[in-house]
Amino acid sequence: MRRRKVVIGATLATLLGGTGAAWVFAAGPASAASTFGVAPYVDLSANSAGMLDTAITQGGLKSYTAAFIIGSGCTPIWGDTLDINNSTANARIARAQSEGAQTIISFGGAGGVELGQSCTNVNSLTQAYQSVINKYHVNHLDFDIEGASIADPTSIDRRFTAIKNLENANSGLNVSLTIPVLENGPDGNGTNFLRSAHDHGVSVAIINAMTMDYGHAVADMAAAAKSAAQGTLNAARSVGFNIGFGNIGITPMIGNNDSGGEVVNQAAARSIVSFANANGVGRLAFWSIGRDQPCAGGGVSPNCSGLGGNSLDFTRIFNGGTGGGGGGGGGGGGGGGGGPSGYTFCAQERQTCSFSGTANVAYGANGKFVFKDATGSIACNNATFGDPIPGTRKACYTKPTTGGGGGGGGGGGGGGGSWQVNHAYHVGDVVTFNGLSYKCLQAHTSLPGWEPPNVPALWQRI
């Protein structure tokens with residue numbers, strides 16, 4: 001995606017309310033990947049980056065993707081010049097985290113040089129990526145690889161080797177790959193990029209299609225986004241990924257695109273969201289939060305959409321998406337084939353499977369499972385269960401064995417039952433969690449990581 005080289009005008013003192021206080025980055029919950037279903041990008045090197053705070057406090061934004069970290073040798077930097085220890089981006093991220101928003105850090109973009117290209121030593125590259133995880137306490141990294149980067153086999157190999165090292169060293173780390181697409185999906189470079197990810201054994205939570213800038217006028221950008229998403233899924237499957245739409249992302253450029261005759265208006269955005277909800281698309285995003293402001297006839301700008309309407313129109317439309325964030329597709333498959341009969345999906349491999357009461361938990365894929373009884377939660381990994389099907393991405397599925405319920409289904413509605421995952425809640429429903437009572441504020445289907453204390457936009461303590 002495009003990054004305009006704009007000097008950030010706000011000072012650190014301004015961002016911190018003039019206090020000069022130090023910022024603290026909040027650590028996310030272990031299962032936070034499942035809260036990343038809607039995570040639009042914010043260009044932290046643009047003057048409009050302050051819209052992030054507005055989108056969180058006024059638009060109900062719960063997750064976002066911070067763009068972009070690139071490379072100066074083996075040093076990760078923001079916005080071409082600002083290293084991660086001194087960047088004004090830090091104050092914006094800290095404020096967003098303090099307001100409860102989950103952060104994805106994105107590497108790459110259309111400008112500058114991605115770390116995988118600028119840092120030519122795999123160990124140093126791994127350490128550089130790790131320093132970003134440590135700095136911002138995040139458990140989800142996005143790699144936006146486009147332009148020359150996606151056609152460079154040497155840096156692609158180096159990057160995926162480093163990413164695999166990161167996954168081995170950071171339990172619960174989620175990785176998304178963001179790539180340019182045509183209206184029918186990735187081109188040859190994009191498909192080869194996905195093949196390399198699979199061949200390196202990288203566990204990929206989301207393969208995110210940049211449904212924008214096709215290079216020619218497109219009459220129906222919503223239809224193009226839908227066909228591109230299907231083409232991306234087809235391409236991923238063709239190189240060996242055993243995944244579904246739950247591991248696919250759709251990211252349009254709102255308003256006027258850089259390519260003439262391409263416009264994503266509010267109606268197109270609603271159509272994309274409807275398609276995503278109907279097909280269980282795992283990620284919805286857009287470029288960018290800073291552009292979610294009206295300026296009818298304004299052309300292409302980093303600070304507005306070029307359309308009429310209201311500020312945060314697109315943020316509110318996309319917040320109607322119910323994607324589950326994928327939760328880990330994988331180099332060897334994505335928990336293929338579903339769970340045993342009578343069991344409900346709970347978590348992907350390397351995540352935590354949480355439920356109320358005691359449940360029998362099945363771990364595996366493609367009809368091969370091992371089973372354990374557990375109470376409350378269990379680590380969904382080979383260390384806990386053993387490996388019933390080597391080389392294949394697995395998942396956990398639950399079936400309740402005592403009152404309460406497993407990873408999905410069962411009570412929890414208006415009668416004050418225990419909160420459960422994969423349950424449809426309605427406004428006014430009351431649940432208990434860790435001995436406290438909560439009232440549902442928005443209708444939704446719960447996912448792992450959406451425990452009431454973690455999502456105040458959905459639940460109010462009573």
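Where a number appears in this text, it was derived from the coordinates with a stated rule and is not lab data. Worth saying up front: this structure is predicted, and the values here are computed from it rather than measured. Counting neighbours? That spans all protein chains shown, and the Cβs are built from the backbone with ideal geometry, glycine included.
For His137, His198, the sequence from fewest to most other C-beta atoms within 10 Å is His137, His198. Put simply, the convex hull of the Cα atoms in the range 154-258 casts, on average, a shadow of 7.0 nm².
Footprinting exposure proxy ranking of Arg237, Arg92, Arg291, Arg316, fewest other C-beta atoms within 10 angstrom first, gives Arg237, Arg316, Arg92, Arg291. Here the range 168-224 has an Rg and Dmax of 14.1, 46 Å, counting Cα atoms alone.
Out of every Cα-Cα pair that the range 416-461 contains, those further apart than 15 angstrom amount to 26 percent. Summarising the amide proton neighbourhood of Asn208: residues at separation of 5 or more, or on other chains, whose placed amide H is nearer than 5 Å comprise Leu177, Thr178, Ile179, Gly249.
Taking amide H positions as placed in the peptide plane 1.01 Å from N, state which residues far from Ile105 in sequence (5 or more) or on other chains have amide H under 5 Å from it. Result for Ile105 returns Ala66, His140, Asp142. What number comes out for the charge environment of Ala362, summing +1 per Lys or Arg and -1 per Asp or Glu over other residues with Cβ under 13 Å away? Once all neighbours under 13 Å are counted, the net charge is +2. This ranking places His200, His423, His216 by how few other beta-carbon atoms lie within 10 Å of each, fewest first, which gives His216, His200, His423.
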